[in-house]
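Following: one structure in structure tokens, then a few remarks.
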Amino acid sequence: MSLTDQKWWRKMFKPEPEQRPDVLKDFSAIIEFLQDATKTPKLLLSEMKNLEELEKESHVAKSGLLQTNLETQAEILERIIALYESLQNDTDINGIRVKRLVANFMQRAQHAGLKELVEKKRKNHLWDCNW
């Protein structure tokens, strides 16, 4: 008998109960993200246009103005990087939530007896969520 099969071991290291996913909480979080996500591209677009203008100006700027131009570009790039990082992180987190929703749906559909639907969705590469 292995150590992990011992009664005292099982009492000492009880497995944590499996937590059921809160589907409604995931839906709310995804909806909130999508509502907020519409603001970020507008901010990014504005910053990118400013950066584009500064880049055009840098090609004709004298050496003294070029330094100021590049410092301003650095400030704008810092804001762009922060916005992209935030958007990317939020997108990744909500992608995980969508994958959990899909897995939960497949379990519930299987349990409800919709075996044909589950098989059809498993054959569809979109439902693999390998993006």
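Worth pointing out:
- Surface composition of the chain: carbon and sulfur make up 57 percent of the accessible area, probe 1.4 Å.
- Spin-label model distance (nm) - TRP9 vs THR40, 7 Å beyond Cα toward Cβ: 4.5 nm
- Percentage relative contact order, the chain, counting C-alpha pairs under 8 Å, at least six apart: 27 percent
- Listed residue (LEU66, TRP9, GLN35) projecting farthest to the positive dipole end of region 1-100, Cβ model: TRP9
- Over region 1-77, volume per residue of the alpha carbon convex hull, in Å³: 201 Å³
- Per residue, in Å², the accessible surface of region 1-101 once ligands and nucleic acids are set aside, probe 1.4 Å: 84 Å²
- P(r) weight above 19 Å for the chain, C-alpha pairs, percent: 71 percent
- Using the alpha-carbon positions of region 74-131, Rg (one decimal) and Dmax (whole number) come out as 17.6, 58 Å.
- Span-rule helices in the chain, defined as complete DSSP H runs reaching 15 Å or more along the axis (Cα) with Kyte mean at least 0.0: 23-37
- Label-point gap, in nm, between THR72 and SER28 - each point 7 angstrom along Cα→Cβ: 4.5 nm
- Dipole check for region 4-131: with +1 at the C-beta of Lys and Arg, -1 at the C-beta of Asp and Glu, and the Cα centre as origin, the magnitude is about 1140 Debye.
The values are calculated or read from the model by the stated rules, or taken from the named source; none is laboratory data. Since the structure is predicted, the reported quantities are computational estimates derived from the model, not experimental observations. A quick note on method: Cβ atoms are made from the backbone with ideal geometry, for glycine too, and the neighbour counts reach across all protein chains shown. Each accessible area value is taken on the protein alone, full model and side chains, heavy atoms only, with ligands, DNA and RNA left out. Shrake-Rupley method; radii C 1.70, N 1.55, O 1.52, S 1.80 Å.
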